[in-house]
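First up is the structure itself, then whatever we jot down about it.
The values are calculated or read from the model by the stated rules, or taken from the named source; none is laboratory data. Quick caveat: nothing in here was measured; it's all calculated off a predicted structure. Backbone-built Cβ (ideal geometry, glycine too); neighbour counts: all protein chains shown. SASA here: full protein model, heavy atoms, side chains in, ligands and nucleic acids out. Shrake-Rupley method; radii C 1.70, N 1.55, O 1.52, S 1.80 Å.
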Amino acid sequence: MAGAGARVLILGSMPGKASLAASQYYAHPRNAFWTIIERLFAIDRTLPYPLRCEALIERRVALWDVLAACIRPGSLDGDIVEASIVANDFAGFFKAHSGIRAVFCNGAKAAQTYRKRVLPALPEPFDAIPMIRLPSTSPAHAGMRFADKLAAW
């Protein structure tokens, strides 16, 4: 999900079962993503999903995933079968969204996979876009308090 004027790209690794079933990013009810977005961008997390997406686009924020495909029994990033990973076309994305100035990875797996599978193949000048790892908003990342996640985001 991206608008033509996007300046920031937030990347997950791959949607979990709840998100895939709902055809929505961060659909698991305990995922803190939309609560954090509400606090940062004043987008009501209870709005219908299309309106939340529209509001993010208005704020020049794009959402996507590092992976186009993978095998993962379950929803945990740790369950992703490394040999099955297919990265999204980031060169094409950055060409189409030339205003992107920063990439923010939602969690360690998104950051690790972006560094390993995407960065080495990115042509200049896209390889110079800064990438920042943020703490995962996933309920599986329960070792960090919400307040600390929000402060980091």
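For the chain, the 222 nm mean residue ellipticity estimated from helices alone, with every DSSP H stretch of n ≥ 4 adding -39500 (n - 2.57) and the total spread over all residues, rounds to -7500 deg cm²/dmol.
Label sites at A142 and E124, each approximated as a point 7 angstrom past Cα along Cα to Cβ, lie 4.9 nm apart.
Dividing the radius of gyration of the alpha carbons in the chain by their Kirkwood radius gives 0.93 for Rg/Rh. With all protein chains in place and ligands, DNA and RNA left out, the 1.4 Å accessible area ranks S13, S23 as S23, S13, largest first. Listed by chain and number, the lysines placed with their C-alpha closer than 22 angstrom to that of K17 are K109; residues fewer than eight positions away on the same chain are left out. Here L51 and A152 are evaluated by their C-beta separation; at R0 = 22 Å the FRET efficiency comes out at 0.25.
Each listed q (0.20, 0.26 Å⁻¹) maps to a log10 I(q)/I(0) for segment 94-153 from the Debye sum over equal C-alpha point scatterers, namely -0.79, -1.06. The packing ranking of peptides 129-142, 42-55, highest mean first, is 129-142, 42-55, where packing means the average number of other beta carbon atoms within 10 angstrom of each residue.
Of all beta bridges that DSSP places with both ends in the chain, some 15 percent have antiparallel geometry.
Accessible area per residue was computed with a 1.4 Å probe on protein heavy atoms; H28 scores about 70 Å². Residue by residue, segment 125-132 carries 3J(HN,Hα) couplings of x, 5, 5, 9, 5, x, 10, 10 Hz when phi is fed to the Karplus relation 6.51 cos²θ - 1.76 cosθ + 1.60 (θ = phi - 60°); x denotes Gly or Pro. When E58, E38, E82, E124 are compared by accessible area at a 1.4 angstrom probe, the order from most to least is E124, E58, E82, E38.
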